[in-house]
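Notes for the one structure printed next.
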Amino acid sequence: MYGTLYLCATPIGNLSDVSARFLETLKYVDLIAAEDTRVTIKLLNHFNIKKPLTSYHEHNKAEKGEYILSLLKEGKNIALVSDAGTPAISDPGEDLVKLCIENGINITPIPGCVAAVNALILSGFSTKRFSFEGFLSVNKRHRREHLRSLENDTHTLIFYEAPHKLIHTLADMAEFFGKDRKIALVRELTKIHEEVMRFTLDEALNKFDEVKPRGEYVIVVEGKSKEQTQSQQQWWENLTISAHVEEYIKKGLSSKDAIKAAASDRNVQKREIYNEYHNDK
Ligand code: SAM
């Protein structure tokens, strides 16, 4: 009989957040696949658990996935853990889950922390509809295109970001979402310096003129309000198609993405915008 892959959520800062089931599972499995074995060994030592470990991360997931699959097929039970929080959420695991599904391996979660959900519930913004956007790409074109695709969304948006990129990301967000858009910057969840800052993107940028971002952050962005949607939708309505495309190019989009964006705003085919833009040149 095949073994089971247990997707085990680890604490995101406070070790007391582990569940009894998490500890039982780690004691029960034959092997623990960890994003970084040096991080996981500290957790195991804290709870006095001795288990064989193997690494499973972004750079070895193709061959390690096959190895883990072969052990599961032999009947071994395996726990997958990441450095913090829930595996497969902006962490390795998604590919292993797919591989297990394709091969008929049973997978089950051992639930625990997800930074995004805890930041959302602290934000004070609507929790009825939200989307998790993870990390923005480091590729300028992709991150701008990502933000542009969200600028008119009326539901709450949740992003992860590293502290050294935070200011840059807030500045990009201000450009696409507007300086007055409200955000909650949720820092160091479950740790001693846990903090929630609720302000506008402009106020956030002013704050970081004076202090350097430190620790781990989740950025929760309030969805665009109905009033903002109505007033801001008019920004391009009086522009020619070419001027509309040019506005996006000024914001840093490639001409291809600018045409796509203008087509999406106007709800017309890209070809229509392309022809008009190139005829005008
Ligand atoms: N799998 C994790 C989860 O379930 O939330 C997320 C891992 S992702 C690689 C790491 C990012 O999660 C960080 O850059 C930060 O945005 C967020 N994060 C993790 N721990 C956090 C904490 N204690 N406080 C605030 N944000 C945290």
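Selection of segment 84-97 for residues being open to solvent by 10 Å² or more (accessible area, probe 1.4 Å) and either closer than 14 Å to residue 65 by Cα or more than 11 Å from the ligand (Cβ to nearest atom) (or both) yields 88, 92, 94, 95, 97.
Taking (1) surrounded by fewer than 21 Cβ atoms within 10 Å (Cβ to Cβ); (2) polar (S, T, N, Q); (3) assigned to a helix (DSSP H, G or I) in turn, residue 54 satisfies each apart from (3). Out of the residues in segment 71-83 meeting the condition of being under 25 Å from residue 12 (Cα atoms) and buried (at least 19 other Cβ atoms within 10 Å of the Cβ), tell me which one is nearest to the ligand (Cβ to nearest atom). Here the answer is 82.
Residues that are at positive phi and of a type in the set (D, E, K, R): which helices (runs of 4 or more DSSP H) entirely in segment 102-200 hold 3 or more of them?
On the way: elements: 115-123, 140-150, 166-177.
Qualifying helices (runs of 4 or more DSSP H): none found.
Of the residues that make up segment 215-227, is at least one surrounded by fewer than 17 Cβ atoms within 10 Å (Cβ to Cβ) and closer than 30 Å to residue 15 by Cα? Yes, segment 215-227 has at least one match. Contact annotation: residue pairs with Cβ atoms under 6 Å, 6 or more positions apart or on different chains, pairing a residue in segment 86-104 that is within 13 Å of residue 8 (Cα to Cα) with a partner that is among the basic types (Lys, Arg), are 92/61. Just checking, does segment 48-69 include any residue being farther than 16 Å from residue 7 by Cβ, free of Cβ contacts under 8 Å to residues at least 24 places away in the same chain, within 16 Å of the ligand (Cβ to nearest atom) and not hydroxyl-bearing (Ser, Thr, Tyr)? Checking segment 48-69: at least one residue is farther than 16 Å from residue 7 by Cβ, free of Cβ contacts under 8 Å to residues at least 24 places away in the same chain, within 16 Å of the ligand (Cβ to nearest atom) and not hydroxyl-bearing (Ser, Thr, Tyr).
Exactly one residue among 258, 263, 204 is in the same structural domain as residue 179 (by TED's automatic domain parsing) and surrounded by 18 or more Cβ atoms within 10 Å (Cβ to Cβ), and that residue is 204. Taken over segment 238-281, the residue count meeting the criterion of being assigned to a helix (DSSP H, G or I) and farther than 19 Å from residue 175 by Cα is 16. Under the condition of being closer than 22 Å to residue 151 by Cα and not basic (Lys, Arg), the residues counted in segment 180-217 number 15.
The values are calculated or read from the model by the stated rules, or taken from the named source; none is laboratory data. Computed from a predicted structure; not experimentally measured. Heads up, the Cβs are rebuilt from the backbone with ideal geometry, glycines too, and the neighbour counts pull from every protein chain shown. Each accessible area value is taken on the protein alone, full model and side chains, heavy atoms only, with ligands, DNA and RNA left out. Shrake-Rupley method; radii C 1.70, N 1.55, O 1.52, S 1.80 Å.
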